[in-house]
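Visitor: Questions regarding the structure given below will be posed in turn.
Laboratory data are not the source of any read-out in this text; all were calculated from the coordinates shown. Predicted, not measured: the structure shown is a model, and the values here were computed from it. Cβ coordinates were reconstructed from backbone atoms using ideal geometry, including for glycine residues, and neighbour counts include every protein chain displayed.
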């Protein structure tokens, strides 16, 4: 029973870390990467779809993304969608390719992004601690119902705490990496 609680807690903590990594991948660090346009949607045959479903997004160089639509008629719609995305990007159309140059980040913007990253990481830590709280309360319920001994309860809670420490450490590592990436000029 304790093993099931531990497995469930580990799975939920892993999801919290993965969610954090996905959220941080969307933050612009001054370097071009295709995940930057993941949340941009474009109208494609009357339906809003992610840009990667209507075009091929690739990194042209360290500061430029190239968006090549599957159909030539989609060029204006893709350009309009990128401009409307509130990412602060100004796409440039060159024939059938939409180039998206990334402006350099100012020092003020870098610090603002760092605050944002720290806030996201703190939310991930809180989510992990909530999983720990839930797992510990499940273990206490088992002990209260005399389904496990006090020793098993303590060892279960220690195992949950070790899991928590490991995943909080992963969040800290992700934070450190992203901050280093943001402060890179």
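Visitor: For semi-axes √(5λ) of the Cα gyration tensor in Å, which listed value, (1) 26, 19, 14; (2) 30, 19, 16; (3) 45, 20, 11, comes from the coordinates shown?
Guide: Among (1) 26, 19, 14; (2) 30, 19, 16; (3) 45, 20, 11, the one calculated here is (3).
Visitor: Place a point 7 Å from Cα of residue 43 in the direction of its Cβ. Which residues in region 67-103 have their backbone N less than 14 Å from it?
Guide: Flagged as within label range: 74-82, 84.
Visitor: For each of 67, 131, count neighbouring Cβ atoms within 10 Å of the residue's Cβ, then give the residues from fewest to most.
Guide: The fewest-first ordering by Cβ neighbours comes to 131, 67.
Visitor: What is the spin-label model distance, in nm, from residue 73 to residue 90 if the labels are put 7 Å beyond Cα along the C-beta direction?
Guide: For residue 73 paired with residue 90, the spin-label model returns 3.1 nm.
Visitor: Based only on other Cβ atoms within 10 Å, what is the fewest-to-most ordering of 74, 13?
Guide: So the ranking, lowest neighbour count to highest, is 74, 13.
Visitor: Considering the chain as a Gaussian network with a 10 Å cut-off on Cα pairs, which listed residue, 151, 138, 23, attains the greatest mean-square fluctuation?
Guide: So, out of 151, 138, 23, the one fluctuating most is 151.
Visitor: Which of the three applies to region 112-185, rounded, prolate or oblate, going by the alpha-carbon gyration tensor with a ≥ b ≥ c and a/c under 1.5 meaning rounded?
Guide: It comes out prolate by the Cα gyration axes.
Visitor: Is region 1-67 best put as rounded, prolate or oblate by its Cα gyration tensor, with a ≥ b ≥ c the root eigenvalues, rounded for a/c under 1.5, and otherwise prolate when a/b is larger than b/c, oblate when not?
Guide: Oblate, since a/c reaches 1.5 and b/c is not below a/b.
Visitor: Which order results if 120, 176 are arranged by neighbouring Cβ count within 10 Å, fewest first?
Guide: The order, fewest Cβ neighbours first, is 176, 120.
Visitor: How would you classify region 46-121 from its alpha-carbon gyration tensor, with a ≥ b ≥ c the square roots of the eigenvalues: rounded for a/c under 1.5, else prolate if a/b is greater than b/c, otherwise oblate?
Guide: prolate
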